[in-house]
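For reference, the structure is listed below as structure tokens.
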Amino acid sequence: MAVGVFGRRGGGGSLMFHFDYDDRGQLCAERVPVSAIADAVGTPTYIYAKATLERHFRVFDEAFQGHPHLVCYAMKANSSLAVLELLAARGAGADIVSGGELRRALHAGIPPEKIVFSGVGKADWELSDGLEARILCFNVESEPELSALEQVARQRNVQAPVSLRVNPDVDAQTHPYIATGLAESKFGIPIEEGLRLAEHIRRSDHLDLVGLDCHIGSQIVTLPPLLAALDSVLQLADRLRAQGHGIHHVDLGGGLGIPYQSESPPHPSELGKSVLDRMKGRPETLVLEPGRVIVGNAGILLSRVIFRKPTQARTFVIVDAAMNDLLRPSLYGAFHDIWPARRAQTDGGREVVDVVGPVCETSDTFAKERSVPRLERGDLVAFMSAGAYGFVMSSNYNARGRPAEVMVDGDRWAVVRERESLDDLMNHERGLDAFGGTEGDAG
Ligand code: LLP
């Protein structure tokens, strides 16, 4: 097994990469050849390495040791119950964005007092469910949300714990679809408005200000934007404290990037060091909401080549995974490395191809003009770094069942979510039966 930088093969650093070739040239997840999994459960299939997940969580958590802190895993990145249970057992909390995520987090054993609830559009039932569960706090993103939360709390005759999500107007220097900290984005509250809303909270019998938070974007590969955001949150905390507000925690959000291709994001320990420098002597607990950095490089999507299609313009390699299974390349032009399940013997067999899925959209393309080892019909390939925002963004487009999910633990593996069957896809439908009676009765 190769020693790698955080979640990646090659280079220095302290972390292991758990997808690699064995002596016989077979791609393995930990000690299990991925071809064995494909033979048993078919493809496309997501495969997660338990050891990588454990390690990434531990290294991230340890990076903030020395200051009271809570790692609330951003479960939108991968909300598989197996992943959640594993992280819960290691002390993780959760950052949730919906009533559905709340339900899954509690089901997986994440204690409610370690759950923070983010999101710009929480419905009343979601606010109510969060209050019922007694979560740590609601990360409130607007005045209307604050009023709605106050009203729901009043109806239940409780006090709602509020953390104000401020928008520090920092450029995260990432893909515009996943940048959230600029003034023009829909997320968070301008700093000055935060001061005003804190007064609203002070006057309310049903609201309690417990923290401040921010989240400026995702796949951030340099420290300065994250630290600038933290600085403005801490300044606001100081101003609020001077006015007599109790701020128990500050939440830096998530966003630390991972290497997909040639990026070299800071190691969590570098982030930890700079953040802890700023937190020295401060009274607030630090909350963090990492998603991608925990699971991104802990998962791959395994797929099989259906056809080679040489055309005059180029050669297409058509695989059985598609944009409905892994949306990131279509939606963001995201890069995922492609590794054959059997290591090519020589470099001579490489060719430049487009790797595409079967869905009827030109955007159903995983790689354009990519140099890959020659792939034949029936070959297995892995899309690497697919553990975050992979399965969770899958859909049933083109009436395709969503992939199976498998977790590997050393030389053992288990299906942690079965492949969706074609019957599953029709289970909640009734067709014209929904009207009751047969056609013609209506008249
Ligand atoms: N906290 C909040 C409030 C968030 O909105 C997010 C991600 C996170 C934490 C976790 O961020 P991370 O540590 O994973 O960067 N689907 C996109 C990413 C969307 C991120 C949404 N928010 C992708 O595939 O790149």
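None of the figures in this text is laboratory data; all of them are computed from the coordinates on show. Everything quoted here is computed from the prediction, not taken from an experiment. Glycine gets a Cβ as well: all are built from the backbone with ideal geometry, and neighbour counts include every protein chain shown.
Shape summary: the range 197-247 maps onto an equivalent ellipsoid whose semi-axes, from the alpha-carbon gyration tensor, are 27, 12, 6 Å in decreasing order. How big is the Kirkwood radius of the chain, worked out from every pair of different alpha carbons and given in Å to one decimal? Averaging 1/r across every pair of different Cα atoms and inverting gives 23.3 Å.
The range 338-383 and the range 113-188 have Cα centres spaced 42 Å apart.
Please name whichever of 162, 386, 232 sits farthest to the positive end of the charge dipole of the chain, dipole taken about the Cα centre and charges placed at Cβ: Lys and Arg +1, Asp and Glu -1. Of 162, 386, 232, it is 386. Out of every Cα-Cα pair in the range 321-392, what percent are more than 21 Å apart? Roughly 24 percent, once rounded to a whole number. When the C-alpha to C-alpha distance is required to be over 22 Å, the pairs from 50/280; 50/122; 76/122; 76/114; 76/273 that qualify are 50/280; 50/122; 76/273. Taking 0.36 nm per residue of sequence separation and removing the Cα-Cα distance, the residue 332/residue 312 pair yields an extension gain of 4.4 nm.
With all pairs of separate Cα atoms included, the range 338-434 yields a Kirkwood hydrodynamic radius of 16.5 Å. Calculated translational diffusion coefficient of the range 196-334 (20 °C, 1.002 mPa s; Stokes-Einstein with Kirkwood radius over alpha-carbon pairs) equals 116 µm²/s.
Compactness of the range 173-262 is given as radius of gyration and Dmax, 14.9, 52 Å, from Cα positions.
Peptides 82-93, 295-306, 29-40, 310-321 ranked from most to least packed give 295-306, 82-93, 29-40, 310-321, packing being the mean of other C-beta atoms within 10 angstrom over each peptide's residues.
For the range 272-387, the calculated P(r) over all alpha carbon pairs, in 5 Å bins from 0 to the bin holding the longest distance, is 2, 10, 18, 20, 14, 9, 6, 5, 5, 5, 4, 2, 1, 0 percent. Report summary: the helix-based calculation at 222 nm, which adds -39500 (n - 2.57) for every DSSP H run with n ≥ 4 and divides by the residues of the chain, gives -8000 deg cm²/dmol.
Computed from the alpha carbon atoms alone, the convex hull of the range 14-97 holds 108 Å³ per residue. Across the chain, the mean sequence separation of Cα contacts (distance under 8 Å, 6 or more residues apart), normalised by length, yields a relative contact order of 18 percent.
Simple point charges give the picture: +1 on the Cβ of Lys and Arg, -1 on the Cβ of Asp and Glu, and for the chain a dipole about the Cα centre of about 1060 debye.
Axis of helix 143-156 versus longest Cα principal axis of the chain: the two differ by about 80°, to the nearest ten degrees.
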